[in-house]
Amino acid sequence: MTMDLRTITIQPLRQTFGHLARRMGADKPASRYMEGTMDLQPVENFHYRPTWDAEHDIFDPRLTRIVMKDWYALKDPRQFYYGAWVLARGRMQETAGADFDLADEQGLAAGYSAEGKQLVNKVLLPLRHVAWASNINNSFVSAYGYGIAIAQAAAYASMDQLGIAQYITRLAISFEEIDALNEAKTAWLNAPEWQGLRRWVEDQMVMQDWFELFVAQNFVLEGLLYPLVYEKFNAKLNAAYGPVVTMLTRFQREWYAENAKWVDTVLKAAAAESPENKAVLAEWVHNAKQRSIEALTPVAEIAFGADANSIMELLVGQINARAIKAGIGA
């Protein structure tokens, strides 16, 4: 008995979903990101308006001063849908975990300079509370943002910040500085040099315009804070005490570089939509920049002493350059 095996090609009747075909202009294959993002925002058949805000629908584009013809123009250049984000963060977590394991096994963290540990405790450990605030703020952006494109990316940023807070905590544990976590909390609650930053992130928690919060938290505050701590401060620690802290904060630096691309892309798309959007964004950036400079300067003074002002001026120049590149203006 002979068997004749043949290979046949079955041509699919459709390449993608109808709403994607209409958006893309033809029946073309779509990426997983497009399938999990485009046109998934509920837009009709709402049962009731929120009792706490009866003037707006539960999903309402009027919750921000920014106006977009197509909210899906605010796409994520990383192409993160849930599966892709989980895989990316899993790889970063494996790398960070290996760094901590190496530092613990070789005694690199426990043997770190006592003077260096003290400086890290003063500057870095209170920032886990800032990361928690960012988690809350990005949760608000995700909840009230319009269009799945920006809402899902904000949700991922929110969870990333929980991870950052945990990595800061793990750094203290690796340094065998458990009591320093309580001291950092006390400093966050009571020390004068931290009250400006604490007040600023708490004021952000009651912002009503979710896009303004997106600008203040993700573009301005983090655009100054992360280069200040994870670039400039890390460089100082490297020169004085070796690269252990840099190794144990790898996640934060890699995450910020990646996240900034998303933030800049969103702002560029919103600013390009209309002169009105551009003016609103420029106003928000200006206001948030003034508050962030006032809040972070005392932190910079703890880390850099007399050099704090010159370093802050450099970082402000960098954030101004990002704003100009995004089409907003300094």
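The values are calculated or read from the model by the stated rules, or taken from the named source; none is laboratory data. Note that the structure is a prediction, hence the values are computed from the model and not measured. Cβ: placed from backbone, ideal geometry, glycine included. Neighbour counts: every protein chain shown. Ligands, DNA and RNA are excluded from the accessible area calculation, which covers all protein heavy atoms including side chains. Shrake-Rupley method; radii C 1.70, N 1.55, O 1.52, S 1.80 Å.
A quick yes/no check of all residues on (1) surrounded by 13 or more Cβ atoms within 10 Å (Cβ to Cβ); (2) aromatic (Phe, Trp, Tyr); (3) farther than 30 Å from residue 303 by Cβ:
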site	(1), (2), (3)
61	yes, no, yes
69	no, no, yes
83	no, no, yes
114	no, no, no
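Taking the criterion of being hydroxyl-bearing (Ser, Thr, Tyr) and in contact (Cβ under 8 Å) with a residue 40 or more places away in the chain, the residues of the stretch 130-146 that qualify are 134, 144, 146. Of everything in the stretch 158-169 that is hydrophobic (A, V, I, L, M, F, W, C) and touching a Phe, Trp or Tyr at 6+ places or on another chain (Cβ under 8 Å), the residue that is surrounded by the most Cβ atoms within 10 Å (Cβ to Cβ) is 164. Evaluated against (1) over 26 Å from residue 243 (Cα atoms); (2) in contact (Cβ under 8 Å) with a residue 60 or more places away in the chain; (3) over 17 Å from the mean Cα position of the chain (by Cα), residue 195 falls short on exactly one condition, (2). Here residue 150 qualifies as surrounded by 16 or more Cβ atoms within 10 Å (Cβ to Cβ), within 17 Å of the chain's Cα centre (by Cα) and more than 27 Å from residue 235 (Cβ to Cβ).
Looking at 127, 108, 119 in this structure, which one is touching a residue at least 12 places away in the same chain (Cβ under 8 Å) and either crowded, with 21+ Cβ neighbours inside 10 Å or in contact with a Pro (Cβ under 6 Å, 6 or more places away or on another chain) (or both)?
Going through 127, 108, 119 in turn, the sole match is 127.
A Cβ distance below 6 Å, combined with a sequence gap of six or more or placement on separate chains, defines the contacts here; from the stretch 1-16, residues that are on the phi < 0 side of the Ramachandran plot reach residues that are open to solvent by 100 Å² or more (accessible area, probe 1.4 Å) in the pairs 15/28.
Across the stretch 27-51, the qualifying residues are those that are at pLDDT 85 or above and among the basic types (Lys, Arg), and the one among them that is least open to solvent (accessible area, probe 1.4 Å) is 49.
Taking helices (runs of 4 or more DSSP H) as the structural unit, those lying wholly within the stretch 52-147 and holding at least 2 residues that are of a type in the set (Ser, Thr, Tyr) and modelled with pLDDT of 95 or more correspond to 127-144.
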